[in-house]
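Taken together, the values in this text are just the output of simple stated rules run on the coordinates, not laboratory data. Because the structure is a prediction, the values reported are computed rather than measured. Here Cβ is always computed from backbone atoms with ideal geometry, including for glycine, and neighbour counts include all displayed protein chains.
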Amino acid sequence: MLKHALFLIAVLGLLNTGNVLARGANTPEYATIYITRSLNYDARKANINPKIVDTIVRIFSWEIDFNKDLQKGDRFIIVGNGGTHPSAIIYLGANKRVAVFAYTDKHGQNNYYDINGKSLYPSFLKAPLKYDRISSKFQRKRFHPILKTWKPHRAVDFAAKSGTPVYSVASGVIQHRKRMGALGNVVYIKHGSNYTTVYGHLSRFSHGLKPSSKVKKGQVIGYVGSTGRSTGPHLHYELRYNGIRQNPLTYRLPKQKNVGTTDLWNFKNKANKILNSLRSY
């Protein structure tokens with residue numbers, strides 16, 4: 001985020017107007033959620049529409065682990081007209097500050113972007129490693145080479161040399177990093193509020209990796225191996241949406257969106273006006 005925007009957001013730390021909408025002749029109305037227990041609890045206490053809370057979780061899950069990052073005293077400032085689609089949402093935390101602003105594209109779709117006109121969610125890598133070949137595709141029935149029976153295979157197996165680096169396909173938070181039955185050494189990564197990726201049969205994990213660790217897109221999380229129920233070195237890779245396994249080779253993953261070039265100047269101008277309007281409070 002631009003230094004100017006960070007400065008303006010820092011000024012918002014002076015805000016202390018309670019949990020009601022504030023109105024002014026030249027300022028937008030806004031409401032503040034003060035974190036004392038949890039986002040849901042404190043949003044209800046502040047009479048925030050549940051649809052706005054859903055929007056906060058959907059957008060900010062790419063930057064905030066709501067189970068780990070939120071601390072007492074953190075705030076969400078909701079700027080808008082009191083409806084379910086705020087003009088801006090600003091998070092002021094002890095260690096992080098994030099601001100997003102509404103923008104409607106030429107197709108009439110409303111979404112939220114940072115001060116530079118980029119969505120918080122990133123594009124995903126097409127594959128989590130440099131592989132030699134796909135040894136087993138996503139399929140409903142596959143003859144298991146070890147169990148000698150027909151079973152569904154809701155993953156993709158990438159054959160590669162032992163020790164080949166495995167990357168996180170997008171930024172996220174480690175859920176599991178352990179040895180787990182047939183998958184051997186496995187890493188589960190949560191991306192935003194809906195996506196999870198699974199990396200199995202690893203020979204070893206990257207140093208320092210542990211549950212709740214944050215990882216970036218392209219970061220090495222482990223190395224190809226043959227641990228667990230495996231006939232040779234390969235990566236067992238799963239993609240899950242809302243807990244349901246999807247075919248990683250065909251599923252349309254989200255791509256980072258940007259404010260249109262012709263609208264970017266107006267978008268930044270409106271975003272800075274919002275931040276400036278809140279400075280006086």
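Counting other C-beta atoms within 10 Å, which of S213, S171 has the fewest, and how do the rest follow? Could the numbers behind the result be given before it?
On the way: S213 15, S171 20.
Ranking S213, S171 by Cβ neighbours within 10 Å, fewest first, gives S213, S171.
Using only side-chain charges placed at the Cβ, +1 for Lys and Arg and -1 for Asp and Glu, the dipole size of segment 133-246 relative to its Cα centre rounds to 200 debye. Near K126: Cβ cut-off under 14 Å, other residues only, Lys/Arg at +1 and Asp/Glu at -1. The net charge is +4.
Annotation note: trypsin sites (Lys or Arg not before Pro) in segment 185-257 located in DSSP loop regions with a Cβ neighbour count of at most 14 within 10 Å are K216, R252, K255.
Test of the criteria: in segment 24-111, which trypsin sites (Lys or Arg not before Pro) are in a DSSP loop and have at most 14 other Cβ atoms within 10 angstrom of their Cβ?
Details: sites: R37, R44, K45, K51, R58, K68, K72, R75, K96, R97, K106; in loops: R37, K68, K72, K96, K106.
Qualifying residues, ordered by number: R37, K68, K72, K96, K106.
Taking other Cβ atoms within 10 Å as a rough exposure proxy, F158, F267 sort from fewest to most as F267, F158. For a straight C-alpha distance cut-off of 17 angstrom, the aspartates and glutamates reachable from K118 (same-chain residues fewer than eight places away being disregarded) are E63, D105, D263.
What shape does segment 191-242 have by the C-alpha gyration tensor, where a ≥ b ≥ c are the square roots of the eigenvalues, rounded means a/c under 1.5, and otherwise prolate means a/b greater than b/c and oblate the rest? Oblate is the answer for segment 191-242, as a/c is 1.5 or above yet b/c matches or exceeds a/b.
Just how many pairs of Lys in segment 133-246 have C-alpha atoms closer than 15 Å, counting pairs that are eight or more places apart or on different chains? List each step's numbers first, then the result.
Details: K137/K151; K141/K151; K178/K210; K190/K210; K190/K214; K190/K216; K190/K217.
For segment 133-246, the number of qualifying lysine pairs is 7.
Listed by chain and number, the lysines whose alpha-carbon sits under 22 Å from that of K45, ignoring those within fewer than 8 places in the same chain, are K68, K72. The mean sequence distance of close C-alpha pairs (under 8 Å, at least 6 residues apart), as a share of the length of segment 129-269, puts its relative contact order at 25 percent.
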